[in-house]
Amino acid sequence: MFKNKKKMNQIKLFGLTCLFLCFLSCGQTSQKKDHTIIENGWKSIDENSFSVQYPEKWDMNKSGQMGVCLIFLSKQTSPQDKFRENVNVLIQDLSGKNIDLDKYVEISEEQIKTMITNGKLLESKRLSKNGSEFQKVIYTGEEEIYKLKFEQYYLIKNDKAYVITLTCELDQFEAYKTIGEKILNSFQLN
């Protein structure tokens, strides 16, 4: 029993870290690197276990802060725009935790409802792409002065959880949804 409780606490801590990282984009610095240009205005980056495409005009940060592999940040729309909409990729090692996608989704959904200020789960559904299942989750919540909307994809492969998150100010979600989902949908495990 103690081991299971300890594992659950570790997963909860990871979930909190995941959710915190969604808010991290405000005030981020960026690192520019050259990557393969794949189509008009888009680049591709290949990491050890995944690849993903993103708009050439967005900034990429690979500093690894708080366990985030990378984060793509939109440009500010004006000097008053203090929040940069973004997509981030987080990887969690699940070795020895016996957590499948169903359990991971269950834990994550509970954390959205209980650990995010005014967290509200809007959608959660299982999808399949290229023979791999993943969970698509959309929710809203608040962090400090920001009312935010999130779209996340959860994938599990080789005892690793991959969480890809689009984070937008609530009133900007529809404006960034198409480009954000294009980034999310370009994510592929190697």
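No value in this document is a laboratory result; all are computed from the given coordinates. Please read all numbers here as calculations on a predicted model, not as lab measurements. We place every Cβ from the backbone using ideal geometry, glycine too, and count neighbours over all the protein chains shown.
Values as computed for the structure displayed
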| read-out | value |
| --- | --- |
| Any hit, the range 46-57, residues being within 15 Å of residue 167 (Cβ to Cβ), part of a strand (DSSP E or B) and touching a strand residue (DSSP E or B) at 6+ places or on another chain (Cβ under 7 Å) | yes |
| Total residues in the range 114-149, condition exposed (fewer than 13 other Cβ atoms within 10 Å of the Cβ) and either among the β-branched types (Val, Ile, Thr) or not in a strand (DSSP E or B) (or both) | 6 |
| Single residue of the range 69-125 satisfying the filter (basic (Lys, Arg) and within 30 Å of residue 43 (Cβ to Cβ)) that is farthest from the chain's Cα centre (by Cα) | 82 |
| Meets criteria (over 17 Å from residue 172 (Cα atoms) and touching a residue at least 40 places away in the same chain (Cβ under 8 Å)) for residue 46 | yes |
| Every residue from the range 155-170 that is surrounded by fewer than 21 Cβ atoms within 10 Å (Cβ to Cβ) and not acidic (Asp, Glu) | 157, 158, 160, 162, 170 |
